[in-house]
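Everything below concerns the one structure shown next.
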Amino acid sequence: MPDPANTEPSNAPALTIEGLRISAATEHGRVDVVDDVHLTLRPGRITGLAGESGSGKTVTGLAVLRLLAEPTLRVESGRILLGDLDLARLPRGELRALRGRRVSMVFQEPMTSLDPAFTVGTLIGEVLRRHLGMDRRAARERAVELLDRVGIPEPEKRVDSFPFQLSGGMQQRVLIAMAVACGPDVLIADEPTTALDVTVQAQILRLLRSLTDDGMAVLLVTHDLGVLAEHCDDLVVMYAGQVVETGPVDDVLAAPAHPYTAGLLAAVPSTARRVERLATIPGTVPPPHLLPAGCRFVARCPHAAPVCEEPVTLEDAGGGRSRRCARAAELDLEGVGR
Amino acid sequence: MAGYAVRRLLTAVPLLALIGFGAFMLTFMIPGDVAATIAGESATPQRIEEVRRQLGLDDSALTQFGRWAGGVLQGDLGTSMIHRIAVTQMIGERLGVTVSLVAFGLLIAVLVGVPAGLVAGLRPGRWTDRLVTVLTTLGLAVPAFWLATILIIVFAINLGMLPATGFVPITENPLRWLESMILPGLAIGAASAADVARQSRSAVAETVGRDHVRTSRAMGLRPRSVVGRHVLKNSGIPIVTVASLQVERLLGAAVVVELMFAMPGLGQLTVSAVRARDIPTIQGVVLTIAVVVILVNLLVDLSYAWFNPRLRKR
């Protein structure tokens, strides 16, 4: 869905996921946990991937780098296009050469995601040496610069620290430094701030924003709508393994096109209104082996109608937006003013 | 780190004293009379009594221990009652054989055990993992003396590939040394290799599932860096620990296997000394082995700090 307002050649997608389907081995046999996921990441933009736990957002993020725990989780079909390379089908060796260099990832728990047995300088240097062929000294110097870039004070000293000697926020900065060391086109950030204090969260997200200045595209996986509204350009909402709505963040928040998005927004407490009870979406996400054939949100949707029993596709709605709702055209859903 | 090593060595002193005392008193429970042995078969009771007095064996056990310990403090392990040779000299002549054998057994244990553990632990549940499990169970169940017998029959007697007995010092002929080491080394190393493989397998299986290993993969590192650096170093502590425990097991197995392969090592010396109740020799061997074990444990403890930087701050 190209944005007509922005037709510069640099705005070609950095990464496109088309029709991604991922299955998991469960006690009920192999079931799809991600189905028909489409999304586009653009250079210099942060795309928020939102959804409840179990909606398939982390699995989608991991699938981009083919880091799924095989054979439990397996990509069944779909394409993950980085330029004209399909990451889902690339031979392992070629994929490894791209990981950390053109597509990179940061994780939710910085304290366990950094190898405790090596200094941060060694960890960052290792990535540089692997992909850019730097020698030990050059890699160390570059590691100091990267630590400075991600906002770590006294980088010449910190480069010799072990991860356990740093705070959680600093550890996440180190992980980000490793991930962006080779200037990747795409960064997958899987709930990078969930394990951190609120004040540190904002710093890390501002850091991610500043890193997009050079054209890096970011997929920010999060369940925090505040983070989405504040720090993302585009939004992709997932429900029960499917993308249900995409579009520019401000547009989607102002006027959601899918009842699930509207439900999520209504569930965010506002300071503008006094409420007796916090709003919730009734019911829970159905487990992957009990999904209905039609709209997967039907059982929890206040606008459900007989038409919702039929399968629904993700449909382009113009203005860079798309949604998966049979009744989208007739509904007028409430968003949040900004 | 140096201070820690010195402190550890100092605490080893009372430990050695305790081991020396314990071994000394245990020797008194062994039946037999060294005086009668020395005096000869046809000696009169008076003659035996005289020998006993000469050797100071008529004193109380505590007095004898004090006398021995006093000598040790001056660096003198005493003289063998049977052979009339300084104990330090006898041990010095034989230590090389036993150290060679234990080192060779340990080498086999590590060179076979760690790769086997890696192969099994990297892919738990695969056929390679099951194969390693079966082999380790077998390796642990087979006693060293039985394996030694089989190896001698097959490779020395039937195939004639390797010598069945003897020992050639490495300084004399390295190739013949290696030949003389292979069968006894395999015999005592097999159980240790199995043990090391088991421990490595579980350590590696635990480490590969960690988040930071996924990070290494996400950064595009090659499998040999992911496994060889990140997985192995983080699995290092349990692997080194189990390898160090093998030193004790191998020393024990060496006693038996040295006898079977007719190797002039500490094992032979110990068995003959115990039979004859040759107290100074027994004590010398016990102390030597205790020192070796204590040093190995110290080295292992120091290696922990390398594997886990968190232990470096004290």
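Any read-out appearing in this document is the output of simple, stated calculations on the displayed coordinates, not a laboratory observation. These numbers were taken from a predicted model, which means no experiment stands behind them. Heads up, the Cβs are rebuilt from the backbone with ideal geometry, glycines too, and the neighbour counts pull from every protein chain shown.
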(request) Note down the net charge around A:P259, summing +1 for each Lys or Arg and -1 for each Asp or Glu among other residues with Cβ under 9 Å from its Cβ. (result) +2
(message) Just to be sure I follow the definition: excluding the sites themselves, where is the longest run in chain B that has none of the GluC sites (Glu not before Pro) in a DSSP loop with at most 13 other Cβ atoms within 10 Å?
(response) B:173-314
(request) Normalising by the residue count of segment A:10-323, find the relative contact order in percent from Cα pairs under 8 Å and 6+ residues apart. (result) 22 percent
(request) Taking chain B as the reference, fit the longest principal axis to its C-alpha atoms, fit the long axis of helix B:61-73 to the helix C-alpha atoms, and give the angle between the two in degrees, 0 to 90, nearest 10. (result) 60 degrees
(request) Calculate, for B:L302 and B:A69, the FRET efficiency according to 1/(1 + (r/R0)^6) with r their C-beta to C-beta distance and R0 30 Å; round to the nearest 0.05. (result) 0.55
(request) Would you calculate, for the protein assembly as shown, the mean residue ellipticity at 222 nm contributed by helices, counting each DSSP H stretch of 4 or more residues as -39,500 (n - 2.57) and dividing by all residues, to the nearest 500? (result) -16000 deg cm²/dmol
(request) Using a Gaussian network model of chain B whose springs link C-alpha atoms within less than 10 Å, name the residue from B:I85, B:I108, B:I182 with the highest mean-square fluctuation. (result) B:I85
(message) Using only the alpha-carbon atoms, how far is helix B:127-141 inclined from the longest principal axis of chain B? Give it as 0 to 90 degrees, nearest 10.
(response) 10 degrees
(message) Please compute the modelled spin-label separation between A:A202 and B:V6, points set 7 Å along Cα→Cβ, answer in nm with one decimal.
(response) 5.3 nm
(request) May I ask you to derive the FRET efficiency for B:T88 and B:D58 from their Cβ-Cβ distance with R0 = 30 Å, giving the value to the nearest 0.05? (result) 0.70
(request) Between beta-carbons, use under 15 Å as the cut-off and find the net charge around A:E309, counting Lys and Arg +1, Asp and Glu -1. (result) +3
(request) Name the residue farthest towards the positive end of the dipole of the protein assembly as shown from the options A:G133, B:I170, B:L151, assuming +1 on Cβ of Lys and Arg, -1 on Cβ of Asp and Glu, about the Cα centre. (result) B:I170
(message) Given a Förster distance of 22 Å, report the FRET efficiency between A:T280 and A:T194 from their Cβ-Cβ distance, rounded to the nearest 0.05.
(response) 0.60
(message) Tell me which chymotrypsin sites (Phe, Trp or Tyr not before Pro) from segment B:1-59 have a DSSP coil assignment and no more than 16 other beta carbons within 10 Å of their own.
(response) B:F28
(message) Taking the 0 to 90 degree range and rounding to the nearest ten, how far is the long axis of helix B:174-208 tilted relative to the main principal axis of chain B, both from C-alpha atoms?
(response) 50 degrees
(message) Can you tell me, using C-alpha contacts under 8 Å and at least 6 residues apart, the relative contact order of segment B:169-314 as a whole percent?
(response) 22 percent
(request) Would you work out the relative contact order for chain B, in percent, from Cα pairs under 8 angstrom that are 6 or more residues apart? (result) 27 percent
(request) Be a star and scan segment B:187-209 for residues whose amide nitrogen sits under 17 Å from the point 7 Å along the Cα-to-Cβ vector of B:M161. (result) B:187-190
